[in-house]
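Okay, so here's the structure we're looking at.
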Amino acid sequence: MPNIGSPERGIYTNPAPWLDEPYLAGLLRDTVAPEVIERVRKAHVAREPALAERNGKNYDILKRSVAKLGAAGASCHSWFRQPGSRTISSAMPSRRKSSSWCRPA
């Protein structure tokens, strides 16, 4: 299933709660330049409330859609396996086909 973390970032008008979660904050401090962390923090604060509200509505739609796909048994494997046609997976290196990035539902 797709990663919906990226669209989630658009819903905040304050720094996202996960930025201050102790474990993640420690990983960020250890691996990311302080100015990058501050830029991420400021990006949330600088967002217009109306835009964050619209993004939140769109994010809610996305979450429901992904939940419905998951409940129906859809997985990224089913997207790549199209019988009788050239698919994206046929052009992908075989190590990517079997990697854990895409687990069956």
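What to note about this one:
- Fewest-first sequence of SER6, SER75 by Cβ atoms within 10 Å of each Cβ: SER6, SER75
- Neighbour net charge for GLU35 - beta-carbon separation under 14 angstrom, K R +1, D E -1: +3
- Local electrostatic count, TRP18, Cβ distance below 11 Å [Lys/Arg +1, Asp/Glu -1]: -2
- Under 18 Å from the ASN14 label point (7 Å along Cα→beta-carbon), backbone N, region 24-41: 25, 40-41
- One decimal place: the segment GLU35-ALA72 gains 9.0 nm when fully extended, by the rule 0.36 nm per residue minus the C-alpha distance.
Bear in mind these aren't lab numbers, they're just calculated from the coordinates by the rules spelled out. Nothing here was measured: the structure is a model prediction, and the numbers come from that model. Cβ sites come from the backbone with ideal geometry, for glycine too, and all protein chains shown count toward neighbours.
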